[in-house]
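Remarks on the structure that follows.
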Amino acid sequence: MAIAHPTRLAPGPVDLRAVDTRTTPGFDGDKAAGQAALELLGRELTELQERLFAHGRVGGRQRLLLVLQGMDTSGKGGTVRKTVGLVDPQGVRTVSFRAPTAEERAHDFLWRVRRVLPPAGDLGVFDRSHYEDVLVARVRGLAGPAEIERRMEAINAFEAELVDDGVTIVKCLLHISPEEQLARLLARLDDPAKHWKFSPDDIDDRARWGEYRAAYEAALCRTNTDAAPWFLVPADRKWYRNLAVAQILLAALREMDLAWPPADFDVDAERARLLGTEPSA
């Protein structure tokens, strides 16, 4: 995949501690400028997403899958609202992966993922994803090292299969600092309107920050492929996070190089017929 963006992760080992979560790679403006840039970018993003949707309705195979990962409060939901929310919702399907159900546990971990892949022409969004099964499973000891490695090999094969089937995969790790997470968790506790967003499990996971970081570093290194690369998006500044993901999505849609589908009828004849037709009383 030829998508270029300053946040695209280079091949090789990953050290998340070396990445400043407040930086704004590729953008020199402030918050106001970033929000304005997002609004302007949204116009082209909307048109290209509509072209993708149109192709899917006339037999095209292409589709786009956005994978959002990150620690609690990193802004997965906010990115869906502020960035994905720029495009026509009828062509968007958002899925959130939580703890697997009994039925899902009875199958291989990718079974539930295959069931909710976006259809042709759609933009699919995974708010959390199949990566939970190598991240949470590793940190909480739900699977051993050999099984975690098997799953990562399976993910690489699965994503390559999707790409061969016309899926463009964009994987974004929304990278926040523990200090920013603390501020966001406190904000949830201080505001009754945000209590529904808070879970006591968030504190338990925060206490294992280093373990999650190591799990993310291993998964990023192991599954950062040419077919489905990772983008490491600094996410302490929400406005930059939204802009960066929008820029990455726009680059993916531009790479598809989709024109509007041609009419499968005689346009001039239909225009003449329309102009010569009066509605019945």
Quiz prompt | Sequence-distant residues sharing a close amide H with Leu9 (under 5 Å, placed H) | solution = Trp230, Phe231, Leu232
Quiz item: If one computes P(r) from the Cα atoms of region 100-217, what percent of pairs lie at distances over 17 Å?
Solution: 66
Practice problem: Hey, can you grab everything whose amide H is under 5 Å from the amide H of Arg93? Only 5+ residues off in sequence or another chain; H modelled, so Pro and N-termini drop out. | Solution: Leu123, Gly124, Val125
Exercise. Measure off, as a whole percent, the carbon and sulfur share of the 1.4 Å-probe accessible area of the chain, all protein chains present.
Key: 53
Exercise. In whole Å, largest first, what are the principal axis extents of the Cα atoms in region 1-144?
Key: 46, 46, 27
Exercise. Report, in degrees rounded to the nearest 10, the 0 to 90 angle that the Cα long axis of helix 238-256 makes with the longest principal axis of the chain.
Key: 50
Quiz item: How big is the Rg/Rh ratio for the chain, C-alpha atoms only, Rh by Kirkwood, two decimals?
Solution: 1.03
Practice problem: Compute the projected area of the convex hull of the Cα atoms of region 74-169, averaged over all viewing directions, and report it in nm² to one decimal place. | Solution: 6.9
Self-check item: Protection proxy ranking, peptides 10-17, 162-169, average beta carbon neighbours within 10 Å, highest first
Solution: 162-169, 10-17
Quiz item: According to the square roots a ≥ b ≥ c of the eigenvalues of the Cα gyration tensor, what is the shape class of region 39-120, taking rounded for a/c under 1.5, prolate for a/b larger than b/c otherwise, and oblate for the remainder?
Solution: oblate
Self-check item: Residue-wise HN-Hα coupling along region 119-133, computed from phi with Karplus coefficients 6.51, -1.76, 1.60 (Hz; x: Gly, Pro)
Solution: x, 3, x, 9, 9, x, 10, 9, 8, 6, 6, 4, 6, 4, 6
Quiz prompt | Residues whose placed amide H lies under 5 Å from that of Thr168, excluding near-sequence neighbours | solution = Arg63, Leu64, Leu65
Quiz item: Once phi is turned into ³J(HN,Hα) by the Karplus curve 6.51 cos²θ - 1.76 cosθ + 1.60 with θ = phi - 60°, what whole-Hz value does each residue of region 65-77 show in order, with x for glycine and proline?
Solution: 10, 9, 9, 10, 10, x, 5, 3, 6, 6, x, 4, x
Self-check item: Inter-probe distance in nm under a simple model that places probes 7 Å from Cα toward Cβ, at Asp191 and Arg114
Solution: 4.1
Quiz item: Can you work out ³J(HN,Hα) from phi for every residue in region 169-181, in order, using Karplus 6.51 cos²θ - 1.76 cosθ + 1.60 and θ = phi - 60°, giving whole Hz and x for Gly and Pro?
Solution: 9, 10, 10, 10, 8, 8, 9, 10, 8, x, 5, 5, 4
Quiz item: Relative to the longest principal Cα axis of the chain, at what angle does helix 31-57 sit, 0 to 90 degrees, rounded to 10?
Solution: 60
Quiz item: By how many degrees, 0 to 90 and rounded to 10, does the Cα axis of helix 145-164 deviate from the longest principal axis of the chain?
Solution: 10
Self-check item: Local electrostatic count, Ile203, Cβ distance below 12 Å [Lys/Arg +1, Asp/Glu -1]
Solution: -2
Quiz item: About the Cα centre of the chain, what is the dipole size in debye to 20, counting +1 per Lys and Arg Cβ and -1 per Asp and Glu Cβ, all else neutral?
Solution: 600
Quiz prompt | Cα convex hull of region 173-216 - mean projected area over all directions, nm² | solution = 3.3
Exercise. Provide Rg over Rh for region 189-263; use the alpha carbon set for both Rg and the Kirkwood Rh (inverse mean inverse pair distance).
Key: 1.13
Quiz prompt | Theoretical ellipticity at 222 nm over the chain - DSSP helices of four or more residues, -39500 (n - 2.57) apiece, nearest 500 | solution = -14500 deg cm²/dmol
Quiz item: From Cα coordinates alone, what are the radius of gyration and Dmax values for region 153-281 in angstrom?
Solution: 24.0, 73
Practice problem: Find which of Gly29, Gly78, Val14 sits farthest along the positive direction of the dipole of region 1-113, computed with +1 on the beta-carbon of Lys and Arg, -1 on that of Asp and Glu, about the Cα centre. | Solution: Gly78
Quiz item: With point charges of +1 on the Cβ of Lys and Arg and -1 on the Cβ of Asp and Glu, referenced to the Cα centre of region 128-196, which listed residue (Val163, Ala187, Tyr131) lies farthest in the positive direction of the dipole?
Solution: Ala187
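The values are calculated or read from the model by the stated rules, or taken from the named source; none is laboratory data. Values in this document were obtained by computation on a predicted structure and should not be read as measured data. Cβ atoms come from the backbone with ideal geometry, glycine included; neighbour counts cover every protein chain shown. These area figures cover heavy atoms from the full protein model, side chains too; ligands, DNA and RNA do not enter into them. Shrake-Rupley method; radii C 1.70, N 1.55, O 1.52, S 1.80 Å.
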